[in-house]
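Written below as structure tokens is the structure these notes are about.
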Amino acid sequence: MILTSLIALPFIGALIIFCLSEKKASYTAVILSLGYFIFSLSLFFLFDPTNSALQLTEQRQWFPSLGIQYFIGIDGISFWLVLLTSFLFPLCVFYSAFGEEKNQKGFLACLFLLTGFVMGSFLALDGILFYIFFEGSLLPLFFLILLWGGKDRVYASLKFFIYTALGSLFMLVGLLTLMFLVKEQAGEFSANILDFYQLNIPFVGQHLLSTQSLLFFTFFFAFAVKAPLFPFHTWLPLAHVEAPTAGSVFLAAIVLKMGVYGFLRFILPLFPEASFYYAPWLCFLAVFGIIYGALMALAQSDFKKLIAYSSVSHIGYCILGFFVFSHYSLSGGYYQMLTHGLSSAGLFFLVGMISARTHTKQLDHYGGLAQLTPIYSALFFIVSLSAIALPLTGGFISEFLVLFGTFLADIRWVPFAITGVVLGAGYMLFLILKVFFGEVKMQNIPDLNLKEILVMIPIIVLIFMTGIWPNLFFKYSQKSLDQLIDQKGNYNLTVHSPSLEKHKLVSTQGNKK
Amino acid sequence: MKLSFLDFVYTTPLWSIALFSFLPLLTKAVAKGKEMRPLWVISVAFVSFCFSIIALMSLGYTNQLVFSNLLRLDQPAWLFSIVLLFMGIMTLPLLLGKKNHVVHDKFFSEFVFLFMNSVLGLCLITWSNNLISAFIAIEYISLCFYLMIPLAKDRVSSIEAGLKYFVLGSVAAAILLLGLSFVYIAAGSFDFNVILHHSQVLIQKNRLFVLGLSFICIALLFKVAIFPFQFWLPDVYQGSATPLAAFMSSAVKASVLILLLKLVFFGGFITHSGQSLTVLFQWLAILSLIVGHVSALFQDNFKRLLIYSSIGHAGYIIMNLLSPDLFSVSSLFYYLISYGVIQIGAMAHIMFFEGEETTGHSLQSLKGLFKHKPFYALSLTWFLLNLAGIPPTAGFFAKLFVFEALVQKGLWWMLFWGVIGSAVGLAYYLKPIILMFTLPEKEKEVQFEKLPWVTTVIVILLFISLDLSFGAGLLHEWMTQLWTQV
């Protein structure tokens, strides 16, 4: 029941908040979201880290004729994403509950709805159920951008919605085809992911038009748009710039992870041969995205856009980590999801805090902030260190693991991926130089207040924790990650279905080692 | 023709409406032309529809042939009579919504009389088991609509709409009649069962039979407004009163499609006639989808936008009809029911804004609705999301069933166009939503009338569409079982 309540509680919370008065709504929302986070911590006791299988599952028939079920569960992969969501949720609520935004109540209700949908998509183990949550999460985010966004919000929200919805419509076609394949092979319709894993999807002659590769592309488009992978990223900077602070935080830290999570949950286990076959192309896109995102970030004059492009760069590491097929890089890619979630959330919070004071996001208008706002500057340094991937911060662990794994498996990508790290240090340090040092361009900017410091402290604590004590995190997810890829680098994607051992693929580099 | 007492028992739901419908007319005659209070007239219709629904419920779907095989109470007839009656009930309060606007006060009784008879005619279409009874039923509703459309107070646009519908409808009726006689010459009978029984042989041997069935198809596709027979639809629906347009766009489509399903598709007309006709119908579905959606993209009038989108939805519905099996027929039913509920719900919102006009209002008048009337903004958003097919709405499940049926038949290229259509649909359904949630530059009073009756309808339909979305699986399952039980 705990997972169902994790999905249902935000929806109930949204309803409660919508019925309350403006003033009461703020306090209630903070209390509810905090309670929700504490409630989600109970997963630590219920989840068994030594077990790689799906746990705490709940299964109920929903559409018997199509085999669509209400089937949810959690494993090591979704575990930290669920906790990341429930951790950032009260921070977003707390940050925006007492702001000056108009129509506070609706804003908070949207945040609650978004949390519910995101939580649902991380926990869903039924294809259609996943699709419903995945697509449903567009709505609250769409309204967050449309109602509380910046100047160009109409265009940004429309582009965001249509772009991502078109991508996921193709995934719907893929899901329906998989359901039909289950009927052909097992006799009955089913949208259960575990049934999907059992499928034998033909990949004849490594052909572009074979079933597996077409299905691969339907899912790939949906997740590549959401993640976003390089040529499909154009909606992201726009949406980020126009979104309100809490919306940006949620978008960067969690909603993008839904796309990356899709690669782990669907693409790798479902289409092993196709993933293996197209891996060089994906790695190319990822590496290109890493460099391109970093270069674009260097060229930006808008605070938020810079960080949005750095997201494109960082997400590239996740995808690169998944598709070079080494044990280390997979773990690193997974870890990057968490650390990027923390550092981007922190950066977007900080940008929101300063632009609420100065009413500008143009970098040219800033300068010498270190003298005016010492606390703010200190916090910004710390968070940006994680984005640069300095040792002791989480970003270092994840990028090191990705690069190390890539080095072992396919050395060709390493020089390019490393360029991204160097450029990453470049744009962050230039940003710091421009904004915090040099000539003082602004006056009378108050430093962070208690509320804002309270928001930032948990994020900074976690940034260090992920950097100093990564084993705490890997302890919970390693078993499930090992299922995807085993210690020797053997690409073992079909462990969910022992009958399909013949699909076991071997990464050449990994084996030599 | 032999009449038995049982025939009258089984047709209770139909003739009771006819009897009830005379009540307002008679009272008006007795009162020497003085109009009854509209609420009373409407309640007569309401009682009559409720009575028919109860009668249908107690009769059950018996597959009974009545009046010497002219009519047949089979599952689709039973189910869709209830659905059509329900749509009628939902339209009644809309007629009350704006007194003196939907219809001239002097003719309210006559209008309701015609409306009740049109509902009866629509039910009759789904019941018909004979080409003659089908033709009569179609002419019956057409007559009612020819009169009802221009009755919407003496306005130029509604008279123009009525005239247009009349002229084009008459042509369609002539084509239907021609096709009907060709089929009679070829098959020697008007009876559906006889025709369907011989259809496989006749289609291959007899050119006249194919020609006749094609004419019948054209006439029926005209009524459903499938491309290339869709040109009349926007003008006619825009000119007619909004409640009437809402009712026509959902109910007429549903009942005529049931007839099309019974006659043409169950008869294997499409499958027996070889590849070419199947491809033709596939292209008709795709083209009406594209034409509807793309023309809706460029509409500035909200009413016209919804009307064009109904052409697109008709495309999805026809997609379901190709080589029907149990699954796609249930999907079709689900689509028709949910679409009816959604379309009436969305169209009802127009009534708040149109003021004295019947021809709808500019999208711009929706601007800032969320600030002034958050409830209506949210409900309209919900219905539009339904139409766009965003999960977890009923519209999404309807589309899911259509797509799954296409996957089962391996019609990938149709699926592709279906997806593209949905994406285009998103673009224009989001346009009014965005306008509702943006603030107008100048603080001006939004033109918005208080209409308690319309609000009631919207609330009811809101709940039903919620039920439809969460009970989609159960409903679909139940409709599949409906076929296997008898």
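The values are calculated or read from the model by the stated rules, or taken from the named source; none is laboratory data. Treat the numbers as computed from the prediction; the structure is a model and nothing was measured. Every residue, glycine as well, gets a Cβ built from its backbone with ideal geometry; the counts of neighbours run over all protein chains shown.
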Residue count for region B:117-136, restricted to those that are over 15 Å from the mean Cα position of the chain (by Cα) and either farther than 27 Å from B:Ser189 by Cα or in a helix (DSSP H, G or I) (or both): 8
Neighbours by Cβ (under 7 Å, 6+ apart or cross-chain): first from region A:57-79, away from chain B (no Cβ under 14 Å); second surrounded by fewer than 16 Cβ atoms within 10 Å (Cβ to Cβ) and part of a helix (DSSP H, G or I): A:Glu58/A:Thr4; A:Ile72/A:Thr4
Matching option when the condition is of a type outside the set (A, V, I, L, M), part of a helix (DSSP H, G or I) and within 10 Å of chain B (Cβ to nearest Cβ), among A:Phe130, A:Phe142: A:Phe142
Region B:49-106, subset under 22 Å from the mean Cα position of the chain (by Cα) and among the hydroxyl-bearing types (Ser, Thr, Tyr), residue surrounded by the most Cβ atoms within 10 Å (Cβ to Cβ): B:Ser81
Any hit, region B:26-39, residues being closer than 25 Å to B:Leu131 by Cβ and either in a helix (DSSP H, G or I) or under 20 Å from the mean Cα position of the chain (by Cα) (or both): no
Test set (1) out of contact with any strand residue (DSSP E or B) (no Cβ under 8 Å at 6 or more places or on another chain); (2) not in a helix (DSSP H, G or I) - B:Ser43 fails condition number: (2)
Selection status of A:Leu144, buried (at least 24 other Cβ atoms within 10 Å of the Cβ), in the same structural domain as A:Val241 (by TED's automatic domain parsing) and touching a Cys at 6+ places or on another chain (Cβ under 9 Å): yes
Given (1) without any contact (Cβ under 8 Å) to a residue 24 or more places away in the chain; (2) within 25 Å of A:Leu194 (Cβ to Cβ), number of the condition A:Ile7 does not satisfy: (1)
Filter result (hydroxyl-bearing (Ser, Thr, Tyr) and over 18 Å from A:Ser344 (Cβ atoms)) within region A:201-245: A:Ser210, A:Thr211, A:Ser213, A:Thr218, A:Thr234
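Okay, residues lined up against (1) buried (at least 20 other Cβ atoms within 10 Å of the Cβ); (2) within 13 Å of chain A (Cβ to nearest Cβ); (3) out of contact with any helix residue (DSSP H, G or I) (no Cβ under 9 Å at 6 or more places or on another chain):
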site	(1), (2), (3)
B:Ile311	yes, no, no
B:Ile317	yes, no, no
B:Tyr334	yes, yes, no
B:Ser338	yes, no, no
B:Gly345	yes, no, no
B:Met351	yes, no, no
B:Lys373	no, no, no
B:Tyr376	yes, no, no
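For every residue, the table says whether it meets (1) assigned to a helix (DSSP H, G or I); (2) outside the structural domain of A:Phe117 (by TED's automatic domain parsing); (3) among the acidic types (Asp, Glu).
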| site | (1), (2), (3) |
| --- | --- |
| A:Ile17 | yes, no, no |
| A:Tyr36 | yes, no, no |
| A:Phe39 | yes, no, no |
| A:Glu58 | no, no, yes |
| A:Phe71 | no, no, no |
| A:Thr85 | yes, no, no |
Meets criteria (among the β-branched types (Val, Ile, Thr), more than 14 Å from chain A (Cβ to nearest Cβ) and surrounded by fewer than 21 Cβ atoms within 10 Å (Cβ to Cβ)) for B:Thr438: no
Positions within region B:387-415 being facing chain A (nearest Cβ under 8 Å) and farther than 22 Å from B:Ser330 by Cβ, in sequence order: B:Ile390
Evaluation of A:Asp152 against (1) at the interface with chain B (Cβ under 9 Å from one of its Cβ atoms); (2) out of contact with any Phe, Trp or Tyr (no Cβ under 8 Å at 6 or more places or on another chain); (3) at pLDDT below 90 (one fails), failing number: (1)
A:Leu125 vs. criteria away from every other protein chain (no Cβ under 14 Å), in contact (Cβ under 8 Å) with a residue 12 or more places away in the chain and surrounded by fewer than 23 Cβ atoms within 10 Å (Cβ to Cβ): no
Among residues of region A:181-210, those that are buried (at least 18 other Cβ atoms within 10 Å of the Cβ), in a helix (DSSP H, G or I) and within 14 Å of chain B (Cβ to nearest Cβ), counted: 2
So B:Ala187, is it more than 16 Å from B:Ile138 (Cβ to Cβ), buried (at least 16 other Cβ atoms within 10 Å of the Cβ) and touching a His at 6+ places or on another chain (Cβ under 7 Å): yes
Residue within region A:96-116 that is crowded, with 22+ Cβ neighbours inside 10 Å, away from chain B (no Cβ under 12 Å), touching a strand residue (DSSP E or B) at 6+ places or on another chain (Cβ under 8 Å) and not polar (S, T, N, Q) present: no
Residue that is at pLDDT 90 or above, surrounded by fewer than 24 Cβ atoms within 10 Å (Cβ to Cβ) and either not assigned by TED's automatic domain parsing to the domain that holds A:Ser477 or not hydroxyl-bearing (Ser, Thr, Tyr) (or both), where the choices are A:Phe284, A:Phe276, A:Phe223: A:Phe284
